[in-house]
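J.: My structure is below; once you've seen it, I'll send some questions.
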């Protein structure tokens, strides 16, 4: 059976590691496809479980120094869905593995830094004394250094530098090379050369400079690289904290009402239909609908909105949000992996582990980077020995050759290239989730910043998606509240969608309901009934004409052209009031559309509604172009038409009829208040259907892509300048050459700077 699983990978140290693992799995029978992400240290593998299992996959890469994180589920985990188990495993096991690795690296750094300090003092004193800037090193101290340096170098290479030695071994045995290989070869050559000089000093005297060794280079280079990798690992841990924060939102227990009694159970034991009580400051354990009570709920962790939302009977609640003051009872409707929070976590995980198209170039370069660097290093050594020895003695040429060989291997850094894109994507997707913007994959995040045309549906996207009472024109001598009571009492008996808007308005304005007798629904025209002995009518223009009542028809028609629906209330012989109901524009829509225009983005509205309403809404909202009375296929064709004109199109919608257009658009944007079909068809989901988040999403995309371009520029420039400088190519003309010590410092800084630049996104305002 084919299956797709995402695994955490242990042992990845650089971008070349990701390429090695990817190539190994691609050659494995039973594996259909694989995508390895160095930034998240994960592998998404599609494989035939009848031919190969997770354990076999791990065994394929274990000889190369890597392994897949797999485990046998515990009893608690057995009750979880596959997605929940992956999340539980990822948080509790992979995070712990990374923390353990971080502590190990920290101990290594703490032990080697003092050794590096001694080596730097020894090296500096020797250089300064030769330049007559300091007195010669005392003979006794020189002897101490001669004894200490080999011991310290041995510890540095074989204890702290063990991963790099393994990289050297892996290269010799399997022909697989990564960044560890480069460092391992460079530091090992420096160490072995120095040992040979010490043990065969007399025999080699006259052939090479026996007074010079490179133990200090081995120590200092490993120290700087170990420090750099530690800082990089610590920073990378911070880039992925969005997932951990989301997972921490999940409640551990729930208080359910069983047989009239309150009972606390694990959240995994909650079933659909259970009644759950939430007390002040309590965390909502699953999604559901309030059946009793009233409160304000802090939904900021899920939606990014700072103000608590008012909740009453009939309103939905979301897992992970926090109750403030009141108490209420709600019925569980979605549990486990069905909840909105679980959906958010799954989307964020998938998006963070996906690859953006811009990463393809970096991946291609990383794949051939290490072999090319090895060739350059050997060519540098050969050039110094064969060409350099003609202009200087062999001993001096060998010294320069070794320095260039080690320098090239040490300074070359595929890690900066490998980290440039994924770290920015991880931070960008995590920041989006915090703001209520769910991004399905990295490719969507990349495409969004190029969008120059936004197509929107009207209902539920620009408008609220349900009718609201927006005005009452009182034509009687009675109070507005009295008219509202009469109208709401009649509408309570109706099943028309407009009735709900009138009843809600009446309730919010404390207009009480009255008893109605002899109620009658007049088909196609309205309602009638007797209230407190008087006969009342509520309906459309046609009904009022039937009753032969006088009213200002032109004024009503004018408002009808603006997309409003009139409800006229009358007695048997007089018009009492005209009430207007409409699908109102969302308060945030106008500002969002203004911001889109400021960004130079054209707006188009496509709706199945009539032309008059569509034109009025478009005019009020400030939309550039509108097409009304369109079918789902028409929306799809319009998207294709815009794309044929070279437009990069984003489509925002919330209904089933929007799904084809959402899928066709370069970027599909679904309102989370909409249907599951629309959300599945879209690349981005805006929680609570807030279209103002679209502007934030575009700004997020621009910031993320700017960060990626900065990272890639730095990574490329660093290697383009650093490798020739370390090889000594500029030495004959300018006298420029980078020592392995400074090469190690530069290499360590390159990765840390890339991760640090990505982390800057966290503090930026959208």
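J.: Which order do the peptides 324-334, 264-274 take when ranked by the mean count of other beta-carbon atoms within 10 Å per residue, highest first?
T.: 324-334, 264-274
J.: Between residue 627 and residue 59, 0.36 nm times their residue separation minus their Cα-Cα distance comes to what?
T.: 198.6 nm
J.: If you don't mind, there's one more thing I want to ask. State log₁₀ I(q)/I(0) for the range 271-334 at q = 0.12, 0.22, 0.24 Å⁻¹ as given by the Debye formula over alpha-carbon point scatterers of equal weight, solvent excluded.
T.: So the normalised log intensities are -0.23, -0.79, -0.94.
J.: Taking a ≥ b ≥ c as the square roots of the Cα gyration tensor eigenvalues, with a/c under 1.5 meaning rounded and otherwise prolate when a/b beats b/c, else oblate, which class fits the range 574-630?
T.: Since a/c reaches 1.5 but b/c is at least a/b, the shape of the range 574-630 is classed as oblate.
J.: Computed on alpha carbon atoms, what radius of gyration and Dmax characterise the chain, expressed in Å?
T.: My reading of the Cα-based Rg and Dmax gives 35.1, 126 Å.
J.: Roughly speaking, what is the stretch gain from residue 372 to residue 496, that is 0.36 nm per residue apart minus the C-alpha to C-alpha distance, in nm to one decimal?
T.: 37.3 nm
J.: In the calculated pair distance distribution of the range 615-656, what percentage of Cα-Cα distances lie above 13 Å?
T.: Above the 13 Å cut-off, the range 615-656 has 64 percent of its Cα pairs.
J.: Please quote Rg/Rh for the range 343-459 to two decimal places, taking the Kirkwood radius as Rh and restricting both calculations to Cα atoms.
T.: 1.31
J.: With the cut-off at 1.5 for a/c, could you classify the range 474-573 from its C-alpha gyration tensor as rounded, prolate or oblate?
T.: Here the range 474-573 falls in the rounded category.
J.: Tell me the angle of helix 95-130 to the major Cα principal axis of the chain, expressed in degrees between 0 and 90 and rounded to the nearest ten.
T.: The two axes meet at around 40 degrees.
J.: Shifting gears a bit: If packing is taken as the average number of other Cβ atoms within 10 Å across a peptide's residues, how do 32-38, 454-460, 587-593, 47-53 rank, most packed first?
T.: 454-460, 32-38, 587-593, 47-53
Each value in this text was obtained by applying a stated rule to the coordinates, not by laboratory testing. Predicted model, so just to flag it, every value in this text is computed and none were measured. With ideal geometry, Cβ positions are generated from the backbone for all residues, glycine too; neighbour counts draw on all protein chains shown.
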